[in-house]
1. With a 1.4 Å probe and every protein chain kept in, tell me what percent of the accessible surface of region 230-367 is carbon plus sulfur.
2. Taking the Cα atoms only, what angle lies between the long axis of helix 16-35 and the longest principal axis of the chain, rounded to 10 degrees?
3. Roughly how many debye, to the nearest 20, is the charge dipole of the chain about its Cα centre, given +1 on each Lys and Arg Cβ, -1 on each Asp and Glu Cβ, and no other charges?
4. For residue 247 and residue 366, what is the calculated FRET efficiency with R₀ set at 51 Å and r taken between the beta-carbons, to the nearest 0.05?
5. Taking all protein chains together and a probe of 1.4 Å, list 266, 126 from the most accessible to the least accessible.
6. Roughly how tilted is helix 171-187, in degrees to the nearest 10 and between 0 and 90, from the longest Cα axis of the chain?
7. Each label point is 7 Å from the Cα along the Cα-to-Cβ direction; what then is the distance between the points at residue 99 and residue 317, in nm?
8. Heavy atoms only, probe 1.4 angstrom, no DNA, RNA or ligands counted: give me 263, 228 ranked by accessible area, highest first.
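The values are calculated or read from the model by the stated rules, or taken from the named source; none is laboratory data. A quick note: this is a predicted structure, and the numbers were derived from the prediction, not measured. Backbone-built Cβ (ideal geometry, glycine too); neighbour counts: all protein chains shown. Quick note on the areas: whole protein, heavy atoms, side chains included, nothing else; ligands and nucleic acids left out. Shrake-Rupley method; radii C 1.70, N 1.55, O 1.52, S 1.80 Å.
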Amino acid sequence: MMKQMQPVRGTSDLIPEEKACHKKVIATALSVAEQYGFQDMATPIFEFTEVFSRPLGASSDVISKETYTFDDRGGTSLTLRPEGTASAMRAIISNGLTQSLPLRWFYAGPMFRYERPQKGRMRQFHQFGCELVGPDSPLADAEIIGCGAQILEELGIYDKCNLRLNSLGDIQSRQEYREVLVAFFRSVSGDLSYDSQRRLETNPLRILDSKDQGDRVLLADAPRLPDYLSDEARRHFEGVTAALDAASIRWRHDPLLVRGLDYYSHTAFEFVTDALGAQGTVLGGGRYDGLSETLGGPALPAVGFAAGVERLALLIEQPQIFHADIAVLAADAASGTASFGVAQMLRRSGLSVIQLMSGAMGKKMKQANKMGCRYAVIIGEDELARNIALVKDMQTGTQTDVEQAKLGETIGRMTQEMSA
Ligand code: HAM
């Protein structure tokens, strides 16, 4: 097959079975988010490059090596969105909504990162997310975490996930910590992995997240972020954990959790599962009070999360995929046109109908069965002459003659009785 006939590496088609899982994940997430007052919204798939480069941090992996950035035909640098938080904040500022807080926004859609593809890690993937902009209370952080937990619960996978929680402190505590951390890593830099040596210059906090075994040994002696939190940052963290406890949301303090994007302060969290191999983080987020200012907006407290739809879809049970309720089939070649008229009439009355157009009668009935149709409506010369159709209940096998003019009404009543 021609290379161009394959999907691009790191992208994939969503054939109906997979699309059904995605739809279930997103519909469940939206319905839970609505219980918390979140409103569905969307931003464009591409933005001016600066919308991402400044808030996410030039030294973050996402900006330094993962964005799809290109000049459009007018020579403007654009970037396919690698995530939704910066775009949502840009939208709040550009729609003049910074005085209309609090805002609770939900979004879902494709994101793009040029990463090394593996199970659960794609170059075009899908996220849904919630952003709560306005409140600086730790209760907002707890509410965001609670919403994420409830979505996982309703998807039936909460028990497979653990909540890791950390405080990154305010800017001042992090600055102080960064200095002692850099001094520590400089003293052992010869033993650090290549990636961590690079990060020491650009983004030293990310070394805490290193998966390298040698780095992890060194980390045991590294200065700990919790010891450098200001009183205010500590109070905020205690407010979050007390609220989680009050709602019986299980959490575990992970002082090494820093997350990959630069805009976080105070709370950072991730729900992680063992069930997916290396890409176990299904939902992550935190507080990002400084993001608005990096985009030129006013100071706006904010907290949120995003979840990977592909990863969640791998964990849930395959939902039923949609099939039509009714199959319409002609018993003989001469009745084809008339059967089409009947199919259209049934659809107009609100029923879902597929036409079975080829094959002998037995083959058509097999097809109707395979597609899970509840009823088959059969039209042949005899039925046409009597202005009726034969309605066959596919489960019981019972056949009933129904006047064509009353077909919609009769089948509608039968399906309602069935589901009652
Ligand atoms: P993130 O941790 O970069 O955070 O991404 C959130 C989730 O998206 C991850 O936990 C993972 O499930 C999924 N994900 C990320 N990259 C990929 C990939 N290449 N393939 C498949 N799934 C992936 C954010 O994006 C922040 N905007 C979250 C946030 C919202 N923070 C505050 N508000």
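1. 54 percent
2. For 16-35 against the chain, the angle is about 60 degrees.
3. 1140 debye
4. 0.45
5. Values: 266 15, 126 35 Å².
Order by accessible area, largest first: 126, 266.
6. Value to nearest ten degrees: 70.
7. 5.2 nm
8. 228, 263
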